[in-house]
Amino acid sequence: MKNLFFSAFIVLVGTGAAFATQKADNGKIAIVKGYHFDEAQGLCIVTDQDCSTVFSEDMCTWGAAGPELRELNGTSCVNPLYQVPQN
């Protein structure tokens, strides 16, 4: 009986550690507003699209086939942004 409780305790601790690790990884994601460069005005224009600064294969775009969004840095928007992971 003692071994059964000990085994169950080990399983619970392992499960808790797995969830804690997953939660910690999600905390690294920086969510920022995306900007696109408007060539006509020569300005970076803010959008309502949330993007991530963490590298991903999926670029953050404005609309379905819109321009790739960038992070505002001073007065320029040159740093690429990525889709926010869906968990």
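Bear in mind these aren't lab numbers, they're just calculated from the coordinates by the rules spelled out. Quantities reported herein were computed from a predicted structural model and do not represent experimental measurements.
Okay, here's what the table says:
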item: J(HN,Hα) series, segment 33-46, from Karplus relation 6.51 cos²θ - 1.76 cosθ + 1.60, nearest Hz, glycine and proline x; result: 6, x, 10, 10, 8, 9, 5, 5, 9, x, 10, 8, 10, 6
item: Amide proton proximity set for L43, modelled H, under 5 Å, gap of 5+; result: D38
